[in-house]
Amino acid sequence: MNEYTVGAVATLAGVSVRTLHHYDEIGLLEPSERSASGYRLYSPADLRSLQRILFYRELDLDLGQIAEILDDPTVEHLSDQRGRLTERIDRYRAMVEVIDKELAARAIGLTLTPEERLEVFGSTRLEDNAERVVERWGDTARFHQRRDRVATYDRDDWLALRTEQADIHKRLAEAMSSGVPAHAPEVTAIAEEHRVHTHRWFHDCDHETHRELARAYRDNQRVGRNYDDMAPGLSQYIHDAIIANSDGHDRQRTEDTPAAPAAPPH
């Protein structure tokens, strides 16, 4: 069978009979034959033309542009549309990347605009590590508390937080470079400031939680590298200062706890 009825073509191509009638009426795709009864009959060549039309429609070309391409024996029109399609793909890809970054930022609680994030964090893009952070900590209460808390912070809150944080790190680095032991009272006092800072700005942080953070600072390559970029060895020094501070508070609490009264003699 070399000819196809309009209904058969519509089924094969996944278009409506009305669409084929319209293509015929505007001269875009005229069937090669008519039956004795006047019904449209399409040849295999007509089907190939329809495939091209549907392909160009997928590129969002209008019917006038498609007619020009079909009438032009050269590939100039097609090359032009390929260039336009490539530009559109690049634009959509860039849009998806922006959306992905925004979703990542929201996942860790950042509600600042990209411009504000640049002002507060500089070239450090926290959202780049969001997937890893959520995967590792996302099911913990501490992560949820931190995310919910920072989600309420505006630009001024973040600037204040970062200024306080930088001051603590600076004084710890200076103490280390001056040769002050991590367990010295003046250093453990800064470690206590670090704990209070974390407790106030991010999540509940008692001394046991602070110990856990200290171990994470030492063991986590990214966080440790950030500290060691400030001063080589700082991640270990901060760990030691936090542990010394937490141990000291535990000892003080034990000393302050009244001894249980002795059992009465029998």
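Points to keep in mind about this one:
- The modelled label-to-label distance between Asp156 and Gln65, using points 7 Å beyond Cα along the C-beta direction, is 5.0 nm.
- Stokes-Einstein D (µm²/s) once Rh is taken as the Kirkwood radius of region 154-255 over alpha-carbon pairs, at 37 °C in 0.692 mPa s: 238
- Here the simple spin-label model places points 7 Å from the Cα toward Cβ, and for Asn226 and Arg171 these points are separated by 2.0 nm.
- Per-pair calculated FRET efficiency, R0 = 51 Å: Ala94 and Thr209 via Cβ, rounded to 0.05: 0.80
- Relative contact order %, region 164-252, counting alpha carbon pairs below 8 Å whose residues are six or more apart: 35
- Mean Cβ neighbour count within 10 Å, used as a protection proxy, ranking 234-244, 86-96 highest first: 234-244, 86-96
- Multiplying the residue separation of Thr140 and Asn2 by 0.36 nm and subtracting their alpha-carbon distance yields 42.9 nm.
- In region 4-71, Cα pairs under 8 Å separated by at least six residues give a relative contact order of 27 percent.
- Other residues lying with their Cβ under 13 Å from the Cβ of Glu186 contribute a combined charge of -2, Lys and Arg counting +1, Asp and Glu -1.
- Distance between the modelled labels on Glu58 and Arg251, one decimal in nanometres: 7.4 nm (7 Å Cα→Cβ projection).
- FRET efficiency, Asp148 to Glu87 (Cβ-Cβ, R0 51 Å, nearest 0.05): 0.80
Only the coordinates and a few stated rules stand behind these numbers; no lab work does. Everything numeric here is computed off the predicted structure, so don't read it as measured data. Neighbour counts run over all protein chains shown; Cβ positions are idealised from the backbone, glycine included.
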